[in-house]
Amino acid sequence: MTQIAQDEPAVVIIGSGAGGGTLAYELTKQGIPCVVLEAGPYLKNEDYENDEWKAFHQMAWLDPRTTSGSWRIAKDFPALPAWIVKAVGGTTTHWSGATPRFKDHEFKALSTYGKVEGANLLDWPITLAEMEPYYDRAEIAMGSTHRHGRKALPANNNYKVFANGAERVGYKMYATGPYATNAEPYDGRPASIQDGFNFQGDKSGAKWSIMVREIPRALETGLLDLRPDSHAVRITHDAAGKADAVIYADKDGHLQRQAARVVCVAGNSIETARLLLLSDSSRYPKGLANGSDQVGRNYMRHLTGSVYARFDKPVRMYRGETMAGLIADEARHDPSRGFVGGFYMETISLGPAFLAAFAEPGAWGPEFAEIMNAYANTAGMWIVGEDMPQETNRVTLSEKVRDQWDLPVANVHFDDHANDVAMREYGYGRAEAIYGAVGAIGHHRTPPYPSTHNLGTCRMSADPSDGVCDRNGRTHEVENLFISDGSQMTTGAAANPTLTIVALAMRQADHLAGELKRGNL
Amino acid sequence: MEMTRSVPSGSASSVAVSTVADDNYKRIPIGLERGSGSRKLLARMLRVMFPHPQIGDDPYIRTAEAVLNMACEKPGRQVAFAAAIQDLMNLKFEEMDDAAALDHLRGMQGHDFFTQVQGSALLAFYDDPEVWEALGYEGPSFDKGGYVNRGFNDLDWLPEPRIEEYQGGEA
């Protein structure tokens, strides 16, 4: 692997997930050397465990965090606001693979929904039309089923229940994808063996992740200096206010300094905001690039919820791809339902270990045992929809708890907006109707899991006073500092965010490469 | 991870705690050690909390051991557990029928001892391969070639659904 000198001002990318990993490959492919600092270890596909808790302890981000607010997570999982990965490849290791695009109106949330009391809605400074070529590129890179000639995955047991129920209640827009796991060999990766361990890292490589595509290909260019176990703790700047280096702790806790020409932050929305807040100085007293006081604010997590339904016959939902089925009929904007924005329903399955922990946190007794006893006859779906950005839903630095480097941890404050609550209730009702239509004998409404979709803490805005970065992810205040992950999302839309994070990173890479070649950075 | 272990509140916050049991507790003579009856009492408590008639005693005993090990990680917790278990023994908890035992546990809800037992037992019990088997879960599958040839689509009580996207445009 190439080594870039620590005193050579380099393009430094913090984080190696969907945003950072894509950016690293797209830039090195164009001849631009990059340093990638990844806080986690270099796990490979053969290291992944087919075991829920073993995999969780192997790859989850378990550095301490704190929570506040009225969300149930603060009571049930106060130290685990988010369920994301700390390893090379980031949360693409754990992701399920669903790849719907954001819709045209979702890039214009404020114009479409109008002013919503208590929400901090804004239109994106980019449109779907501008994103479409990048969505195409991202789908081709990831091998999304049902797109660009990629075959659909077959129906697994969980999908059979889901799709038949959808049909019977009158839904039309159901299918086994789009889903970035191969139904047949593609791009050097095998077809799915339907092993059912998507959330634990896919050992076979049938699922797209940064680990099976972008990292190996970026390494092949000879231009990537990948540094695992390298936890960025501060971005420094010169007298003119430009970012000039990234300080990071190596695996032994020794501080290192990498000089930087450009810094791209892609640490997932909680750590990205935390790093900017930790990088305060007399020039940037509220944190780097935080003159607008919007860093950390407008934290979104999708509204989410699950329904697990029991039948009098076997389902065996755990066999096969975890999320290979979605219903898009409710993803439209239709305020007659009592809320703005829309949601998807997607198949989901947990093993007994995770179902016990997450189905109804804190539960015990005969009713709970009944949920678990029905395991083999249970079908599951996840509701994922647009939640409202709120200024007070916010990542801040804890005043009480410090991490292993003695730095303040992130506190994640979250309160559901009334629109979120209305959409979740409606979604639960629709899910129950779907399962009721195919003979469910019982069901359980499961509250949101620790957040897997963490968005919006450094949002894009046309006006610098409304957000943190511009339409290219460049921060309004620091001209060589970029936001390269889901933090830059102005609003959250209904769809799973990974496809959009990848498409935005591809777009940003083109912009950065052009600026570097023109000598503007 | 030690730092996630120390998080105090929240019944399910122990999800970040290892569920692997070892046998440290057996050597510490303050009322939790082997021969004290603590393991047996706790196993009874766990069966009332997570009642699965088709599951034998072994997973409940293993879970009780995991809970006692968790309790013995910190002296304060250890002594609190010893006292709470002694209380249950004094009340002849093991002689109560299912309904009376359930009522008694309902009265303990919210108490620190109960919350810690519930949180750690839940993790260990439903992570036990014998429990998986009893519930109809097959565990790791990659080494067996996944389910592509082992029934990922064997549900036969509903018609085969469409897998392609709807061709009629936006509904």
Selection count where residues are outside any loop (DSSP other than H, G, I, E, B) and either of a type in the set (D, E, K, R) or within 22 Å of the chain's Cα centre (by Cα) (or both), scope segment A:326-354: 12
Scanning for something of a type in the set (A, V, I, L, M, F, W, C) and surrounded by 24 or more Cβ atoms within 10 Å (Cβ to Cβ), does segment A:435-454 turn up at least one residue? no
Is it the case that segment B:127-146 has a residue that's of a type in the set (Val, Ile, Thr), outside any loop (DSSP other than H, G, I, E, B) and more than 7 Å from chain A (Cβ to nearest Cβ)? no
Tell me the strands (runs of 3 or more DSSP E) entirely within segment A:211-311 that contain at least 3 residues that are under 30 Å from residue A:342 (Cβ atoms). A:305-310
Tell me which residues, restricted to segment B:44-89, are within 12 Å of chain A (Cβ to nearest Cβ), touching a residue at least 40 places away in the same chain (Cβ under 8 Å) and not hydrophobic (A, V, I, L, M, F, W, C). B:51, B:52, B:54, B:59, B:63
Within segment A:74-84, which residues are in a loop (DSSP other than H, G, I, E, B), facing chain B (nearest Cβ under 8 Å) and either among the polar types (S, T, N, Q) or surrounded by 20 or more Cβ atoms within 10 Å (Cβ to Cβ) (or both)? A:77, A:79, A:80
With respect to residue A:358, determine if the residue is aromatic (Phe, Trp, Tyr) and in contact with a His (Cβ under 9 Å, 6 or more places away or on another chain). no
Of the residues in segment A:359-376 that are touching a residue at least 60 places away in the same chain (Cβ under 8 Å) and more than 8 Å from chain B (Cβ to nearest Cβ), the one that is surrounded by the fewest Cβ atoms within 10 Å (Cβ to Cβ) is A:370
Just a yes or no: is a residue in segment B:77-92 at positive phi, among the charged types (D, E, K, R), over 12 Å from the mean Cα position of the chain (by Cα) and at pLDDT 95 or above? yes
Of the conditions (1) within 7 Å of chain B (Cβ to nearest Cβ); (2) over 16 Å from residue B:134 (Cα atoms), residue A:328 satisfies every one except a single condition; which number is it? (1)
Of the conditions (1) over 27 Å from residue B:52 (Cα atoms); (2) at the interface with chain A (Cβ under 8 Å from one of its Cβ atoms), residue B:155 fails just one. Which one is it? (1)
Before we move on, is residue A:206 surrounded by 24 or more Cβ atoms within 10 Å (Cβ to Cβ) and either out of contact with any strand residue (DSSP E or B) (no Cβ under 9 Å at 6 or more places or on another chain) or within 12 Å of chain B (Cβ to nearest Cβ) (or both)? yes
Could you tell me whether any residue of segment A:140-151 is at positive phi and touching a Gly at 6+ places or on another chain (Cβ under 9 Å)? yes
Which number in (1) among the hydroxyl-bearing types (Ser, Thr, Tyr); (2) under 25 Å from residue A:391 (Cβ atoms); (3) touching a Lys or Arg at 6+ places or on another chain (Cβ under 7 Å) marks the one condition that residue A:48 misses? (2)
Which residue out of A:71, A:95, A:53 is modelled with pLDDT of 95 or more, outside any loop (DSSP other than H, G, I, E, B) and either more than 29 Å from residue A:516 (Cα to Cα) or among the polar types (S, T, N, Q) (or both)? A:53
Just to be sure I understand, how many residues within segment A:170-196 are under 18 Å from residue A:95 (Cβ atoms), within 8 Å of chain B (Cβ to nearest Cβ) and either among the charged types (D, E, K, R) or assigned to a strand (DSSP E or B) (or both)? 1
Before we move on, is residue A:159 of a type outside the set (Asp, Glu), buried (at least 22 other Cβ atoms within 10 Å of the Cβ) and either more than 9 Å from every other protein chain (Cβ to nearest Cβ) or not in a loop (DSSP other than H, G, I, E, B) (or both)? yes
Every residue in segment A:267-288 that is without any contact (Cβ under 8 Å) to a residue 24 or more places away in the chain and crowded, with 20+ Cβ neighbours inside 10 Å, please. A:287
Of everything in segment B:118-162, what is surrounded by 22 or more Cβ atoms within 10 Å (Cβ to Cβ), of a type in the set (A, V, I, L, M, F, W, C) and without any contact (Cβ under 8 Å) to a residue 12 or more places away in the chain? Give them in sequence order. B:152, B:155
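The values are calculated or read from the model by the stated rules, or taken from the named source; none is laboratory data. Everything quoted here is computed from the prediction, not taken from an experiment. Please note: Cβ atoms are built from the backbone with ideal geometry, for glycine as well, and neighbour counts cover all protein chains shown.
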